[in-house]
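See structure below.
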Amino acid sequence: MKKLFILFLLAVSATVNATTVADNDTLTILKPQKVRIITGDSIQKVKVYGRENDDKYTYESKILLVDSNYVSETNINKDTWNFDFVKKHSRGTGYPLKTNNASMRLAVGLTYGADAKYNSSQSVGSSWEIMWTIMEWEKFKYGQHNGFSIGFGVDWRNFRIDGRQYFYKANDGMLSEQSYPAGYEADFSRIKVFSLQIPMMWKYRTKKTTFGLGPVINFNTYASIKNKYRDADGNKHKDVYKQIHQRPITVDIMGEVSIHNWVSIYAKYSPMSILNSTYGDGINFHPVSFGVYF
């Protein structure tokens, strides 16, 4: 910090005896009327009042220190015209000073049915989630730890069960858990849910880590049951049931931890069951998922 400030003062003292010329990042001022230098723990500022043949001229340059980063700001005002510009710098180890950022992200994880009403064991290793955030807009103030983000994306979730049971939809639309007849060999039975998503996150960042927490609104536009099995004669069968009465809108609570702003570990839990209790109370559950978020 001291080296930076000394260089800053040398630059000012070397320019105050020359004519006013703007050359890239160099500004020289001839015969200033007054020069004021302000130094604090988090700010270094130089103000110049007046120049040759221009008593109203003012020049101000300041450096705001934020952890291991700094923001330099220059303001020049002359008569009736003004312009301001801000330069953003990072000295290698700090977090970015961007005010906003738009990005596309992809998450891959595993799913689980919490408080499940069915008796079958869940195949978590074969139950997956793909969450594609098509656009996420993130905003932080300069050098601040707190920020927020909002996005839009799509999500596929797959919930499988093991054993000799399977999900079943009756002609009246009621959903239940059934057992295969003797001699039948189960392959898998699963519930799949497709959703449009709006994630909204409060975020807190440090130099190397960012934490996020907030709701994810799911518009569950499609859900189905799929069963694959072999009968007693070894013939393969596949049953698919659509329109399984998923809730049209559910809300998840999602938390994530991002390391070096590169990859995140995330987890989601829905306090709402995924199915309409009128039809699916026998197999209902609360979706849980966890994985990595790029």
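The values are calculated or read from the model by the stated rules, or taken from the named source; none is laboratory data. Note that the coordinates shown come from a computational prediction; the quantities given were computed from them, not determined experimentally. Virtual Cβ from ideal backbone geometry, glycine too; neighbours counted across all protein chains shown. Surface areas here come from the heavy atoms of the whole protein model, side chains and all, with no ligands, DNA or RNA. Shrake-Rupley method; radii C 1.70, N 1.55, O 1.52, S 1.80 Å.
Ordered from highest to lowest accessible area with the whole protein assembly present and a 1.4 Å probe, E185, E129 read as E185, E129.
For I37 and T206, the FRET efficiency from 1/(1 + (r/R0)^6), where r spans their Cβ atoms and R0 equals 35 Å, is about 0.65. Taking each of K203/K226; K203/K242; K117/K228; K31/K141 in turn, the alpha-carbon distance tops 28 angstrom for K203/K226; K203/K242; K31/K141. To put it simply, the accessible area of region 194-294 at a 1.4 Å probe is 62 percent carbon and sulfur. So if we plug the beta-carbon distance of L110 and F188 into 1/(1 + (r/R0)^6) with R0 = 22 Å, what FRET efficiency do we get, rounded to 0.05? Once rounded, the FRET efficiency stands at 0.90.
Rolling a 1.4 Å probe over the protein chains gives E138 an accessible area of about 40 Å².
Multiplying the residue separation of L196 and K242 by 0.36 nm and removing their Cα-Cα distance gives an extension gain of 14.8 nm.
Counting only Cα atoms, region 99-293 measures 68, 30, 25 Å along its principal axes, largest extent leading.
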